[in-house]
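Down below is the structure, laid out as structure tokens.
Nothing in this text is a laboratory measurement; each read-out follows from the coordinates by a stated rule. All of these numbers come straight from a predicted model, not from anything done at the bench. Positions of Cβ are generated from backbone atoms using ideal geometry, with glycine treated the same way; all protein chains shown enter the neighbour counts.
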């Protein structure tokens, strides 16, 4: 199934029935795999603004035909700037990711400085690999990678309090970048974790 994105590029849409079958109880989380995380920060508190999101996942490479991404945990909200570094540090301390990716936006460098202070206070030393999205690389393209993982049955979603919001975003995703009221911050952050699946 396809929709539209800016420039007429088709946007692949989620199969909600398939996603429902990919929901998994926490007790079935794999014992082995690479723990990965993504950070997507936002600084507006308007009703239509995206949330700041922290997403943790596991890339499973053993006992599966092809590398599989497990979406394991998520924390999100419209946090004030002074709270965001604390949320980041606490999430990383609890989830213990081995690899972390973040999208570089205005304020990312300052955010990293503040996060480093919080990391030191908690006795952790995670390293964030920042990337800058090109203008042509729209959310529809990035999220399309997540759609394809689901379609290939290489996606698992651990049930938790964040999952209902995640599924609502999947259901309403159209790829239309001009829709100001869209809510896609969780699925956009999850799509960043797809970068790690391609490493195996």
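Annotations for the structure displayed:
- Virtual spin-label span in nm between residue 165 and residue 124, 7 Å along Cα→Cβ: 1.8
- The distance between label points at residue 29 and residue 98 comes to 1.5 nm (points 7 Å beyond Cα on the Cα→Cβ vector).
- Protection proxy ranking, highest mean first, for peptides 70-82, 140-152, 104-116: 140-152, 70-82, 104-116, where packing is the per-residue count of other beta-carbon atoms within 10 Å, averaged.
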